[in-house]
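Reading through the structure tokens given below for one structure.
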Amino acid sequence: MKITRQKHAKKHLGFFRNNFGVREPYQILLDGTFCQAALRGRIQLREQLPRYLMGETQLCTTRCVLKELETLGNDLYGAKLIAQKCQVRNCPHFKNAVSGSECLLSMVEEGNPHHYFVATQDQNLSMKVKKEPGVPLMFIIQNTMVLDKPSPKTIAFVKAVESGQLVSVHEKESIKHLKEEQGLVKNPEQRRRKKRKKISGPNPLSCLKKKKKAPDTQSSASEKKRKRKRIRNRSNSKVLSEKQNAEGE
């Protein structure tokens with residue numbers, strides 16, 4: 001039975017890997033119901049999940065799930081301890097927390113770009129997750145973890161992509177990387193690395209002291225000539241006045 005389960009898990013993982021780019025380490029988003037079921041079934045998630053999925057895994061949750069478990073009280077204290085040991089992923093409900101099911105659903109919308117698995121016992125959440133293409137779903141049944149087969153919505157999406165009607169998120173990412181490698185699109189990391197313009201100080205030329213204007217030699221020479229002419233005119237007028245006085249005598 002265990003070998004059959006692993007064969008099915010390997011087949012389903014291959015489907016998600018080839019069509020949606022799911023890769024290791026597999027990021028498993030847990031809610032409170034899954035943690036509670038694992039506690040009751042005495043399932044060691046950190047040890048048994050990598051064996052079942054035959055690869056490295058990361059147990060994850062969100063702040064909304066932790067907040068929900070805290071409000072539910074001592075009945076789910078054990079489940080809360082399991083969730084607190086998981087890595088906390090950032091959700092868009094930082095200010096106003098929502099229910100755990102609503103939060104996990106928001107994490108896998110718009111094509112599940114981070115390739116999350118959703119692990120839950122909530123039937124309503126499971127039905128909504130199955131409507132999102134490319135989201136692997138896990139649950140516990142008879143104290144055994146199970147990776148659910150791809151949903152009809154997921155299979156229909158893959159067929160639409162194969163027929164050329166749609167482009168998957170995985171293909172969009174690969175096209176984007178190819179464009180960045182060929183230099184058709186600027187990599188956002190390269191934009192960040194661009195050096196910022198340094199704040200330039202004042203122009204050093206403007207800080208220089210203004211030079212005093214050199215006296216104009218031509219103007220000073222002309223002024224001296226004018227003075228000399230005035231002196232000569234004065235001296236000539238004195239000589240003429242003396243001659244006139246002498247003749248009058």
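The values are calculated or read from the model by the stated rules, or taken from the named source; none is laboratory data. If you're wondering where the values come from, they're calculated on a predicted model, not measured in any experiment. Backbone-built Cβ (ideal geometry, glycine too); neighbour counts: all protein chains shown. Just so you know, the surface numbers come from the protein's heavy atoms only, side chains and all, with ligands and any DNA or RNA stripped out. Shrake-Rupley method; radii C 1.70, N 1.55, O 1.52, S 1.80 Å.
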**Q.** Karplus (6.51, -1.76, 1.60) ³J(HN,Hα), θ = phi - 60°, over the range 92-100, in Hz, Gly and Pro reported as x
**A.** x, 10, 5, 7, 10, 6, 10, 5, x
Q: Go ahead and run the numbers for FRET between Glu47 and Lys85, Cβ-Cβ distance against an R0 of 22 Å, rounding to 0.05.
A: 0.95
Q. If you take the square roots of the eigenvalues of the alpha-carbon gyration tensor of the range 3-149 and sort them as a ≥ b ≥ c, do you get rounded (a/c under 1.5), prolate (a/b over b/c) or oblate?
A. oblate
Q: Could you go through the range 15-27 in sequence order and give the Karplus-derived ³J(HN,Hα) for each residue, using 6.51 cos²θ - 1.76 cosθ + 1.60 with θ = phi - 60°, rounded to whole Hz, and x for Gly and Pro?
A: 5, 5, 5, 6, 9, 10, x, 5, 8, 6, x, 5, 9
**Q.** Å² of accessible area per residue within the range 3-149, as computed with a 1.4 Å probe and no ligands counted
**A.** 54 Å²
